[in-house]
1. Among the residues of segment 57-87 satisfying the criterion of being among the polar types (S, T, N, Q) and within 15 Å of residue 18 (Cα to Cα), which is modelled with the lowest pLDDT?
2. Please pick out the residue among 163, 137, 125 that is under 12 Å from residue 186 (Cβ atoms) and under 50 Å from the mean Cα position of the chain (by Cα).
3. Taking segment 46-65, which residues are small (Gly, Ala, Ser) and either within 15 Å of residue 82 (Cβ to Cβ) or surrounded by 13 or more Cβ atoms within 10 Å (Cβ to Cβ) (or both)?
4. Just for segment 139-180: of the residues that are basic (Lys, Arg) and touching a helix residue (DSSP H, G or I) at 6+ places or on another chain (Cβ under 9 Å), which one is farthest from residue 192 (Cα to Cα)?
5. So, in segment 144-162, how many residues would count as being outside any helix (DSSP H, G or I) and surrounded by fewer than 10 Cβ atoms within 10 Å (Cβ to Cβ)?
6. Kindly indicate the residue of segment 180-194 that is under 48 Å from the mean Cα position of the chain (by Cα) and closer than 19 Å to residue 162 by Cβ and also modelled with the lowest pLDDT among those meeting that condition.
7. Go through segment 158-184 and give me each residue that's of a type in the set (S, T, N, Q) and either in contact (Cβ under 8 Å) with a residue 40 or more places away in the chain or under 12 Å from residue 146 (Cα atoms) (or both).
8. Just to be sure, is residue 74 more than 24 Å from residue 15 (Cβ to Cβ) and of a type in the set (Lys, Arg)?
Amino acid sequence: MTADPARDRESTEPTSKEELLGRVARGDQAAFGELYDQMAPRVLGLVRRLLIDHAQSEEVTQEIFLEIWQTATRYDEQRGGASTWIMTMAHRRAVDRIRASQSGRDRDTRIGIRDHAVEYDHVSETVEIRIEHERVERAMNRLTELQRQAISLAYYGGYTQSEVAHLLHVPLGTVKTRLRDGMIRLRDEMGVAS
């Protein structure tokens, strides 16, 4: 029996990734294993550079090889090499994971901000409101009767200056003057800086 040199060369030459991918497309598990052995270190290296986290990188690498197994029939040798196709897929998957992680962090932050209840002292707030109300009342009592009427109608009653003029039976200019003078006096009485 003579040895066939061409057959010996075929068994020692590594199978191209394109050929392996073609066999994977036909469901060849051995070809998939060989392709995995050749490409896994490069794929993991790329994914790890992008994701940093080793555990996530391994998980994404597994997802990539599952996708290769499931979509090998879509590979078109005319559009590029098998390594390029696989590395492009790996890059896309890693970037998708980064975006998903960032989106999750952003969502958690928004929910955390929304759900964060600001605690405050109800008793203290009630006391402060009452004290401020008493200060306003004392300051209002120091106004002239005409100023107090105009301010009460405009600010507490919600009437316009024209409506206040009509209700008090005075000209609009008089109402504007009373409001302006009354507000200046209120500000001074309450010690509010202008």
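The values are calculated or read from the model by the stated rules, or taken from the named source; none is laboratory data. Since we're looking at a predicted model, the values are computed, not measured. All Cβ positions, glycine included, derive from the backbone under ideal geometry; neighbour counts span all protein chains shown.
1. Looking at residues that are among the polar types (S, T, N, Q) and within 15 Å of residue 18 (Cα to Cα), I get 78.
2. 137
3. First pass over segment 46-65, keeping only residues small (Gly, Ala, Ser): 55, 57.
Hit for segment 46-65 is 57, nothing else.
4. Step by step, filter segment 139-180, then rank; the result is 176.
5. Start the filter on segment 144-162 by keeping residues that are outside any helix (DSSP H, G or I), which leaves 144, 157-160.
Restricting the remaining residues to those that are surrounded by fewer than 10 Cβ atoms within 10 Å (Cβ to Cβ) gives 158.
Total satisfying the criteria: 1.
6. The residue in question is 183.
7. If the condition is that a residue be of a type in the set (S, T, N, Q) and either in contact (Cβ under 8 Å) with a residue 40 or more places away in the chain or under 12 Å from residue 146 (Cα atoms) (or both), then 174, 177 are the ones that fit.
8. On the way: more than 24 Å from residue 15 (Cβ to Cβ): no; of a type in the set (Lys, Arg): yes.
Criteria not met by residue 74.
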